[in-house]
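Undergrad: If you scroll down you'll find the structure; I have some questions about it.
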Amino acid sequence: GAVVSQHPSRVICKSGTSVKIECRSLDFQATTMFWYRQFPKQSLMLMATSNEGSKATYEQGVEKDKFLINHASLTLSTLTVTSAHPEDSSFYICSALQEGRAYNEQFFGPGTRLTVL
Amino acid sequence: AQKITQTQPGMFVQEKEAVTLDCTYDTSDQSYGLFWYKQPSSGEMIFLIYQGSYDEQNATEGRYSLNFQKARKSANLVISASQLGDSAMYFCAMRGGFQKLVFGTGTRLLVSP
């Protein structure tokens, strides 16, 4: 199956700093990627849809200026958490949409665990 | 809007037994897709099985099968011959507009020896 990587897998940062998370589709091109957030023992919540060459589409309640998304190429989307605070600590997961398959499957990255001190 | 409901926070099963994880959904769309994912403690989301709303037959993938009852709007996952490695969180999801996935709250499965 298709492979999606995320980097870093874990990051610890100080409050007020910015953190960038990369999501790469390794063996296919993805015009659409998705960013999810998962709090402990909870479900995945979609934050935004990342579209190559255009602005991201954010879900209701997600701060655009805080969670900057850039889909610079057909294989790379980045999520930057700006001025991070402890409440931003969470597990962030990306997925890449592989169109053309029988059911347009989303392939998930391994996730990034962010801890803000 | 789509909604997924998983009413079982946790399930226990003995090794080699079968287990059914419940999932009901709500949508006004005629065409939709239903997915099941497994999330072990490492956090990765592992695709298990897919069922399209127009598929007449229940989907099967190895030990996984999906009991799709369209009139009841249910898409239960059946795992046959459970293994210790099946212990994980299981999420039911529906594909909505713009290819977005809506997830249920998940069921934690624990397989005992």
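Derivation of every value follows stated rules applied to the coordinates shown; laboratory data play no part. What you see is a predicted model; the values in this text were computed from it and never measured. Neighbour counts run over all protein chains shown; Cβ positions are idealised from the backbone, glycine included.
Undergrad: Name the most mobile residue of B:18, B:59, B:71, meaning the one with the largest mean-square fluctuation, in a Gaussian network model of chain B with Cα contacts below 10 Å.
TA: Comparing B:18, B:59, B:71 in a Gaussian network model of chain B, the most mobile one is B:71.
Undergrad: Taking the protein assembly as shown, how many lysine pairs are there with alpha carbons less than 20 Å apart, if each pair must be eight or more places apart or span two chains?
TA: Close lysine pairs under the 20 Å cut-off: 17.
Undergrad: In a GNM of chain A with a 10 Å cut-off on Cα contacts, which of A:39, A:28, A:107 has the highest mean-square fluctuation?
TA: Maximum fluctuation in the GNM of chain A, among the listed residues, is at A:39.
Undergrad: Further, regarding this structure: Quick one: dipole size for segment B:51-113, taken about the Cα centre, charges +1 on Lys/Arg Cβ and -1 on Asp/Glu Cβ, in debye to the nearest 20.
TA: About 260 debye.
Undergrad: Please identify the trypsin sites (Lys or Arg not before Pro) of segment B:1-78 that satisfy two criteria: DSSP loop assignment and at most 16 other Cβ atoms within 10 Å. Which are they?
TA: The qualifying sites are B:16, B:63, B:70, B:72, B:73.
Undergrad: When the dipole is taken about the Cα centre of the protein assembly as shown, and only Lys, Arg (+1) and Asp, Glu (-1) are charged at their Cβ, what size is it in debye, to the nearest 20?
TA: Values: 21 positive and 20 negative charges, 80 e Å.
Dipole of the protein assembly as shown, to the nearest 20 debye: 380 debye.
Undergrad: Another one. How big is the dipole moment of segment B:1-70 about its Cα centre under a simple scheme where the beta carbon of each Lys and Arg is +1, that of each Asp and Glu is -1, and everything else is neutral? Debye, nearest 20, please. Write out the running numbers ahead of the final one.
TA: Working: 5 positive and 9 negative charges, 19 e Å.
Taking the Cα centre of segment B:1-70 as origin, the dipole is about 100 debye.
Undergrad: Using the Kirkwood radius over Cα pairs, work out the Stokes-Einstein diffusion coefficient for chain A at 20 °C and 1.002 mPa s, in µm²/s as a whole number.
TA: 152
Undergrad: Using modelled backbone amide H atoms (1.01 Å from N, in-plane), which distant-in-sequence or interchain residues come within less than 5 Å of residue B:87's amide H?
TA: Result for residue B:87 returns B:111.
Undergrad: Which residues' amide hydrogens lie under 5 Å from the amide hydrogen of residue A:48, considering only partners 5 or more residues apart or on another chain, with H built in the peptide plane?
TA: A:35, A:59
Undergrad: Next question. Kindly write out, for segment B:35-47 in residue order, the coupling ³J(HN,Hα) from the Karplus curve 6.51 cos²θ - 1.76 cosθ + 1.60 (θ = phi - 60°), rounded to whole Hz, with x marking Gly and Pro.
TA: Those phi angles translate into 10, 10, 10, 10, 10, x, 4, 5, x, 5, 9, 10, 5 Hz.
Undergrad: Can you compute 3J(HN,Hα) from phi for each residue in segment B:74-83, using the Karplus curve 6.51 cos²θ - 1.76 cosθ + 1.60 with θ = phi - 60°, rounded to whole Hz and x for Gly and Pro?
TA: 10, 9, 7, 9, 10, 10, 8, 6, 3, 10
Undergrad: Using the count of nearby Cβ atoms within 10 Å as a rough guide to exposure, how do B:12, B:35 rank from fewest to most? Present the calculation step by step, with values, prior to reporting the outcome.
TA: Working: B:12 12, B:35 25.
Lowest to highest Cβ neighbour count: B:12, B:35.
Undergrad: Pick from A:42, A:60, A:98: which is most flexible by mean-square fluctuation in a GNM of chain A where alpha carbon atoms under 10 Å apart are linked?
TA: A:42
Undergrad: Looking at the protein assembly as shown, what % of the alpha carbon pairs are farther apart than 26 Å? Present the calculation step by step, with values, prior to reporting the outcome.
TA: Values: 9999 of 26335 pairs.
Roughly 38 percent, rounded to a whole number.
Undergrad: In units of 2.2 N^0.38 Å, what is the alpha-carbon radius of gyration of chain B?
TA: Its radius of gyration relative to the 2.2 N^0.38 Å reference: 1.01.
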